[in-house]
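Only the coordinates and a few stated rules stand behind these numbers; no lab work does. Quick caveat, the model's predicted, so the values are computed rather than measured. Neighbour counts are summed over all protein chains in view; Cβ atoms, including those assigned to glycine, are modelled from backbone coordinates with ideal geometry.
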Amino acid sequence: MRLLGMMLPIVVCMALLSGCTEKEKFIVYGPPQNEEEVEAVLKEEKFVERTTVIQYDDKMLVAVQFKPWDKWKKAKLEKKLQKKFDEKYPNKDVFVSADYKIFYEANKIKKDQLEDNKLTDKISELKKLAQEET
């Protein structure tokens, strides 16, 4: 009984702390014209853990992080998402990347809230970065 009394506060603290670590899973930055549609497309896929979407002009950058066991199929899943977004938004230039450096830079863009002229340059730079072999 005494052990139970000592464990209860620890369990309660752990439960409270685990609730504090929840981060936003789907971040859409840019004009809110189709934010719900983009989130719906991403939520359909069980392998998507977190994502940052940057919309600008007629372009869209989708930076994705997959769940741990699905990272082994990264290229295949990235192509699947690319195809899905290309079908959903045929009039937009969509770029999907599961590379962590792209995800990190996309979050940095959202945090810094770049203006449109700097945003276009930064996105072009990220696309070139994604094409490089590391």
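Some notes on this structure:
- Put a plus charge on the Cβ of each Lys and Arg, a minus charge on the Cβ of each Asp and Glu, and nothing anywhere else: the dipole of region 44-108 about its Cα centre is then about 340 debye.
- Rounded to whole Hz, the Karplus (6.51, -1.76, 1.60) HN-Hα couplings of region 95-105, x for glycine and proline: 10, 10, 9, 9, 6, 5, 5, 5, 4, 4, 5
- Based on every Cα atom in region 43-134, Rg and the maximum pairwise Cα distance Dmax equal 12.9, 38 Å.
- What the Cβ-Cβ distance of residue 128 and residue 35 gives, at R0 = 41 Å and to the nearest 0.05, is a FRET efficiency of 0.90.
- Among 49-61, 99-111, 65-77, the order from most to least packed when residues are scored by Cβ within 10 Å on average: 49-61, 99-111, 65-77
- Each residue, residue 74 and residue 92, gets one label point 7 Å from its Cα in the Cβ direction; the gap between the two is 2.4 nm.
- Among beta bridges that DSSP assigns inside region 49-134, antiparallel share in %, nearest 5: 60
- Pair residue 49, residue 100: separation of 7 Å Cα→Cβ label points (nm): 0.9
- For residue 99, residues with placed amide H under 5 Å, excluding near neighbours: 64
- Over 20 Å (Cα to Cα) - which of 73/122; 59/110; 67/118; 43/84; 88/122; 67/92 fall in this group: 73/122; 67/118; 88/122; 67/92
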